Every structure is written in structure tokens, then in C-alpha cells.
1. With respect to A93, determine if the residue is closer than 23 Å to R378 by Cβ and surrounded by fewer than 23 Cβ atoms within 10 Å (Cβ to Cβ).
2. Check off (1) of a type in the set (V, I, T); (2) more than 26 Å from D97 (Cβ to Cβ); (3) not in a strand (DSSP E or B) for V290 and give me the number that stays unchecked.
3. Just to be sure before I move on: is P235 touching a residue at least 24 places away in the same chain (Cβ under 8 Å), in the same structural domain as H138 (by TED's automatic domain parsing), closer than 30 Å to H60 by Cβ and part of a loop (DSSP other than H, G, I, E, B) in the structure I sent?
4. Just to verify a result, which residue in segment 96-152, among those that are among the basic types (K, R) and surrounded by 24 or more Cβ atoms within 10 Å (Cβ to Cβ), is nearest to H340 (Cα to Cα)?
5. Return yes or no: is G199 in contact (Cβ under 8 Å) with a residue 40 or more places away in the chain and not charged (D, E, K, R)?
6. Which members of segment 114-160 meet the condition of being within 13 Å of I171 (Cα to Cα) and touching a strand residue (DSSP E or B) at 6+ places or on another chain (Cβ under 6 Å)?
7. Evaluate the following for A295: is it buried (at least 22 other Cβ atoms within 10 Å of the Cβ) and in contact with a Ser or Thr (Cβ under 6 Å, 6 or more places away or on another chain)?
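The values are calculated or read from the model by the stated rules, or taken from the named source; none is laboratory data. Treat the numbers as computed from the prediction; the structure is a model and nothing was measured. All Cβ positions, glycine included, derive from the backbone under ideal geometry; neighbour counts span all protein chains shown.
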Amino acid sequence: MRSAITLLFLAATLALAADPPFGDNIRLRGSLDNSRRTFEQTKRGTVAFLGGSITEMNGHRPMVMELLKNRFPDTQFTFIGAGISSTTSITGAFRLDRDVLSKGPVDLLFVEFAVNDDQDGHYTREQCIRGFEGIVRHARQANPLTDIVTTYFVNEPMLATLDAGKVPLTIEAHDAVARHYAVSSLNLAREVSQQIRQGGLTWKIYGGVHPATAGNAIQAAMVAELLARAWASPPGPATPHAIPAPLDPLSFSKGRFIDPAQATIRSGWTLGIPDWKALPGSKRERFTSVPLLSASTPGAELSLAFEGTAIGAFILAGPDAGVAEASIDGGPFRNIELLHEYSKNLHYPRTVLFADDLKPGAHRLTLRVTRGAMRILRFTVN
């Protein structure tokens, strides 16, 4: 099998006739000098990859890892693979602390959620911004030296939008955040659209929503070109990235998970590993040994004290997912639909929000199941 570096070279030959390669589908913003300086001077580095199944799969991530190891052969890297299939930028904002930041300072962070925000979340522009800005802002607040790169992958509806001369909503929203925070971006979606229209690539060769080797190699080649542009000159001194005023003050920049064991059970809820064999629908192994807070009896009720402006839950919504209702601070109950379009045959991981525009401070959630089942992996608080 060809090495990832060879594949990067081959992928680069597919680039449009542009100088530099890939043209303005690569946007170098701000500086990536902080990570380079650390890699070269300390001979250590931490690189994290946050995203959905495109990040979780054996695709572009190991190619980029090999690229970095070849560029810095004397550096001992710690690579954090934080891809979870089906998750969106909103879930990413809530799990960033647990899955990435809790492991120590991150030098270079790669993020991708454009596809899942589109096909899994069906998000509005506001939702895309609240999720993606939450990730970027939280990462930079935790460590202002962290360099960030985002890639916009593509699915067929997004490709059709690009072919019509328009920008997919999720890409436009994420890029607004990237510009605001001087985050470098790789518009792989537009690159693929252009290469297909010029006859140098097909959707089948690219590989579809989950890119094949050729598609992942194009993305990794774009990373290589971005780093070549960014690191053409010796690095400057370590410089904290600016953290401007937020685009959306309610973005999930303080997102975190809360253990469901902190809830007060009033009736009908149990904390433990479900009897998965007795439940219809497929299950993903990463979730089958995790204790969940579960209820399937109408009227099952719990409460949770929390502080923040938003409250929700990261749940597994299977074929039996139903409806819950949530009240904040004794206010009126709001219906929460738990079922997702992908839940028919799968216990699907998703974040549902009960409230996202609360006043800062202490609050209390009351949550009841009204129909079907609800299984909570973690409460999500901002």
C-alpha cells in the first residue's frame, strides 16, 4: 500500500492549475507559528482532531499524522483522536473539555463539522455559529497559543449547492467564525466541486460523504500546502491568539458535560447499563458499556441544579425514543422531541437542548418523560 506521503503527492497533482496549489480554497489566517515553534524547540507536540465520523474513520487523520511526523522526525507527538460518528459542532462544543482539553495543552487543533451540521443537525446559521464558535472560543480561552485549522468536507446536497454557485449554509457560518477568530480553513468542498466540474475527479473516486483514500489524500495534501505557506519563513516568538468579542454571546464557549449521576431522581429513572440485547435497533460499541440515565415510564421525573445559560442532554435516541418535557426554574414545560430521522434502526447519539438563552447564574431543570424512552449519556451545560 502506498504511503500517505506518496498519496499526498498524487493528490496534489489533482489540484487545479493554480499558483499556489489549491488557490484560495486554502485560507491561511493569522499564524500557525506557535505549534511549529513548540514542535521544533521542545521536540514534543500535542495535536488533536475533533469532528464526526469523517474524523473518527481511518481516513485523513492518520495521513495528517504521518505528514507531521515526517516533517518533524525528532518530535514526539501525542495525537488525540476525538472523532465521534454522527456528532455535530454543538455536541463538539459540549464534549471539547472532556475529549480534548482535559488531556493537557493542545498545540494544533483540527476541526471538521460542516457535513454533520448539515445532514445530522439540519442546523440554522445561528446553531452552526453557536456550536463552532463555542469550540474555537473555548479552545483559545483554555490556551491562547493553540493553533486551529478547520476543514469543510462535503456531501451530495452541499456539492449541488456549490455547483449552483452558492455557498452551503454550514460552510458560510463556520467560515464567518473562522474569519472572526483568524482560524485557517480548508475549503475541501469547493475544491472537490471545482475538480469534478473540470473533469479531473468524480464523486465516486472522491469516495462520497466518507471519503475514499483519494478524497482523504486531497484533504491531507491541502493541509500540507497550508503548512508550507504558513511555515515558509522561520517562526516568530510565541504569540497568544486574539480573542475578540463573541459573534454570538450565547455561543457554547463554556460548554461541558455533567455526569447524570448528579441528577436527583424523583420517580421512574434508573442509572446503569441498559439491557441492550432486549432493545431493538443497532448499537455502537463505544456506548454499550457506558452507564446511562434511562426512563421509559410516562411521568418519570428528575431534577438537576446547574449554572449557566444553556442546558440539554447528550442522548442515545433509538427506535423507542419518544418525547420529554423540560421546565427551568419552575417555569412552563417545553416539549422535547427525542426521535431523530436516523433513529429508526439505530440508537443514535445526539444533543437535545432544553433551554439555550438563560440568564447567567444558578438554575434548576425539571425533566419528565411523557412518551417512549429517554437515555441520557451526559447532561450538557454552557
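1. Values: closer than 23 Å to R378 by Cβ: yes; surrounded by fewer than 23 Cβ atoms within 10 Å (Cβ to Cβ): no.
Taking the combined requirement at face value, the residue does not satisfy it.
2. All conditions pass for V290, except number (2).
3. Numbers: touching a residue at least 24 places away in the same chain (Cβ under 8 Å): yes; in the same structural domain as H138 (by TED's automatic domain parsing): no; closer than 30 Å to H60 by Cβ: yes; part of a loop (DSSP other than H, G, I, E, B): yes.
Judged against the criteria, P235 is not a match.
4. Looking only at segment 96-152, we keep the residues that are among the basic types (K, R), and these are 98, 103, 125, 130, 137, 140.
Now drop any that are not surrounded by 24 or more Cβ atoms within 10 Å (Cβ to Cβ), which leaves 130, 137.
Details: R130: 21, R137: 29 Å.
Looking at residues that are among the basic types (K, R) and surrounded by 24 or more Cβ atoms within 10 Å (Cβ to Cβ), I get R130.
5. Details: in contact (Cβ under 8 Å) with a residue 40 or more places away in the chain: no; not charged (D, E, K, R): yes.
No.
6. Correct list: T150, T151, F153.
7. On the way: buried (at least 22 other Cβ atoms within 10 Å of the Cβ): yes; in contact with a Ser or Thr (Cβ under 6 Å, 6 or more places away or on another chain): no.
Against the criterion (buried (at least 22 other Cβ atoms within 10 Å of the Cβ) and in contact with a Ser or Thr (Cβ under 6 Å, 6 or more places away or on another chain)), A295 does not qualify.
So that you can scan it fast, the table gives a plain yes or no per residue for (1) under 26 Å from G131 (Cβ atoms); (2) touching a residue at least 40 places away in the same chain (Cβ under 8 Å); (3) outside the structural domain of I84 (by TED's automatic domain parsing):
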| position | (1), (2), (3) |
| --- | --- |
| F287 | yes, yes, yes |
| A295 | no, yes, yes |
| I315 | yes, yes, yes |
| D320 | no, yes, yes |
| A326 | yes, yes, yes |
| G330 | no, no, yes |
| L353 | yes, yes, yes |
| T366 | yes, yes, yes |
